[in-house]
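Student: Starting off with a structure, shown below.
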Amino acid sequence: MAAHQEEKLAEERKHQNMQNGTKASQGQWGRAWEVDWFSLASILFLLMFAPLIVYYFIMSCAQYQCSLTDPLLDLLTGKKHLSDIWNRTPMLTYRAAAIYSLWVTFQVVLYVCIPDFCHKFLPGYVGGVQEGAVTPAGVVNKYEINGLQAWIITHLLWFANAYCFHFFSPTIIFDNWIPLLWCANILGYAVSTFAMIKGYFFPTNAKDCKFTGNFFYDYMMGIEFNPRIGKWFDFKLFFNGRPGIVAWTLINLSFAAKQQELYGEVTNSMILVNVLQGIYVLDFFWNEAWYLKTIDICHDHFGWYLGWGDCVWLPYLYTLQGLYLVYHPVQLRTAHAVGVLTLGLLGYYIFRTTNHQKDLFRRTDGNCRIWGKRAEYIECSYTSVGGTKYYSKLMTSGFWGWARHFNYTGDLMGSLAYCLACGFEHTLPYFYIVYMTILLTHRCIRDEHRCSSKYGKDWKRYTAAVPYRLLPRIF
């Protein structure tokens with residue numbers, strides 16, 4: 001969400017001594033210690049305008065039939081004033097507050113109170129207590145992996161209500177969509193503010209905190225690496241995976257139910273969006289243990305970027321295709337539908353196969369075969385804050401020999417498929433592929449800054465062996 005640079009290792013050691021009082025080391029990695037003017041300007045822009053961007057998209061659907069230009073034209077021509085648009089916007093209601101509070105509380109209970117049992121009867125699924133990656137301070141946290149279980153329980157109850165109990169309408173999410181947006185914003189800002197206060201006064205691990213001295217940067221990008229309450233409630237894992245991603249498929253189901261209510265049918269485009277995004281969500285939870293090794297958990301500190309982003313940005317902008325199809329139902333031609341499905345499944349295959357190759361490589365410490373050949377890799381080393389030296393291997397086989405982030409390429413193909421399912425009448429549903437392209441390209445650059453600081457000369461040897469980031473021979 002915001003570009004920022006990594007500082008030189010010598011500067012990092014200097015600031016680390018001043019702020020944490022720990023021994024200087026040569027392998028510190030993570031976000032920046034100091035903030036350049038461009039990073040600060042980007043952060044201030046996002047803090048001020050990201051909530052408005054989300055509101056603008058949702059308001060455009062509710063008041064302007066998903067046109068992104070008509071609200072601006074009305075304001076510029078004087079046809080309407082901001083107060084006119086705001087007065088037509090549903091406010092926070094007690095009903096929405098009750099729904100949202102119950103939802104978040106239920107997900108906390110599923111996360112904290114019910115140990116995973118799915119790994120005991122689902123072959124190939126890794127759940128239960130798992131270890132995360134080594135933090136910059138050399139800490140190895142343990143996590144209770146039970147996201148798939150939470151997703152299954154939640155959806156079983158959803159369908160039981162829809163077909164048996166009828167306690168609430170399946171359209172309840174759509175019917176309270178904007179009031180729920182205010183609830184999500186309140187939680188996003190509350191948890192981000194709490195995380196910052198906690199980082200200053202009672203951090204989980206002081207050696208894994210970073211202070212730049214810039215309030216806005218620290219608030220957005222976070223101070224604590226792994227803020228926790230008690231032994232098991234990990235802020236990053238909970239808010240990255242629950243409640244937003246569990247809700248993703250429920251939101252799409254509610255949109256499909258609303259389409260059925262309004263038009264008497266669910267279009268093939270809505271079915272495609274539900275199926276393709278449902279596959280992505282299920283893949284996330286099936287591989288939640290693998291997620292512990294990704295950039296979100298391994299490198300990002302927990303601040304507004306993750307706290308508010310997971311509460312508001314993810315559930316509201318990642319589901320734009322389903323929302324659009326409620327207002328503009330699209331029945332695709334058979335060839336178009338098959339093409340969208342093919343692109344989505346191919347993207348998922350590349351995404352999953354690429355990640356599987358890396359996971360296999362990690363589990364076997366490189367003693368495996370990729371595409372029928374022994375895995376090839378670059379040996380490298382790095383040093384933790386405490387001065388402990390660690391050794392690692394960077395794979396150069398399979399899809400990882402094609403590009404350094406080829407899993408993102410598959411992810412982008414799937415993202416494009418969601419958008420193409422909506423036809424070509426409006427640009428609004430295509431925001432997702434534009435955003436994901438910017439996000440994943442930025443993540444590539446951000447991750448490689450960190451890896452360069454972390455691995456030094458070994459990283460240069462790796463980039464010489466695999467010269468492309470996303471597209472072989474292009475980028």
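The values are calculated or read from the model by the stated rules, or taken from the named source; none is laboratory data. Nothing here was measured: the structure is a model prediction, and the numbers come from that model. Here Cβ is always computed from backbone atoms with ideal geometry, including for glycine, and neighbour counts include all displayed protein chains. Heads up: the accessible areas ignore ligands, DNA and RNA and are worked out on the full protein's heavy atoms, side chains in. Shrake-Rupley method; radii C 1.70, N 1.55, O 1.52, S 1.80 Å.
Student: Please work out if GLY264 is open to solvent by less than 10 Å² (accessible area, probe 1.4 Å), out of contact with any strand residue (DSSP E or B) (no Cβ under 9 Å at 6 or more places or on another chain) and not assigned by the TED database to the domain that holds PHE361.
Tutor: The answer is no for GLY264.
Student: Hey, can you tell me all the residues within the range 109-133 that are open to solvent by less than 50 Å² (accessible area, probe 1.4 Å) and more than 17 Å from LEU292 (Cβ to Cβ)?
Tutor: Those that are open to solvent by less than 50 Å² (accessible area, probe 1.4 Å) and more than 17 Å from LEU292 (Cβ to Cβ): LEU110, LEU122.
Student: Could you tell me whether GLU261 is closer than 17 Å to THR154 by Cβ and among the charged types (D, E, K, R)?
Tutor: Criteria not met by GLU261.
Student: Pick from the range 134-149 the residues that are in contact with a Gly (Cβ under 6 Å, 6 or more places away or on another chain) and open to solvent by 10 Å² or more (accessible area, probe 1.4 Å): which of them is farthest from TYR291 (Cα to Cα)?
Tutor: The qualifying residue farthest from TYR291 (Cα to Cα) is GLY138.
Student: For the range 403-426, indicate whether the set of residues that are among the charged types (D, E, K, R) and more than 30 Å from TRP459 (Cα to Cα) is non-empty.
Tutor: Yes; the residues of the range 403-426 include at least one that is among the charged types (D, E, K, R) and more than 30 Å from TRP459 (Cα to Cα).
Student: For TYR316, state whether it is modelled with pLDDT of 95 or more, buried (at least 18 other Cβ atoms within 10 Å of the Cβ) and not in a loop (DSSP other than H, G, I, E, B).
Tutor: Judged against the criteria, TYR316 is a match.
Student: Next question. Do any helices (runs of 4 or more DSSP H) lying entirely in the range 380-475 carry at least 3 residues that are among the β-branched types (Val, Ile, Thr), and which ones are they?
Tutor: So the answer is 431-455.
Student: Now for a different question. Which ones in the range 238-256 are polar (S, T, N, Q) and at pLDDT below 95?
Tutor: ASN240
Student: Can you tell me which residue is most open to solvent (accessible area, probe 1.4 Å) among those in the range 361-379 that are more than 20 Å from TRP459 (Cα to Cα) and outside any strand (DSSP E or B)?
Tutor: The selected residue is ARG363.
Student: Here's a follow-up. Where residues in the range 48-102 are of a type in the set (Gly, Ala, Ser) and part of a loop (DSSP other than H, G, I, E, B), which of them is most open to solvent (accessible area, probe 1.4 Å)?
Tutor: Among those residues, the one meeting the criterion is GLY78.
Student: Still on this structure, I have one more. Regarding the range 278-288, can at least one residue be identified that is charged (D, E, K, R) and open to solvent by 40 Å² or more (accessible area, probe 1.4 Å)?
Tutor: For the range 278-288, residues charged (D, E, K, R) and open to solvent by 40 Å² or more (accessible area, probe 1.4 Å): absent.
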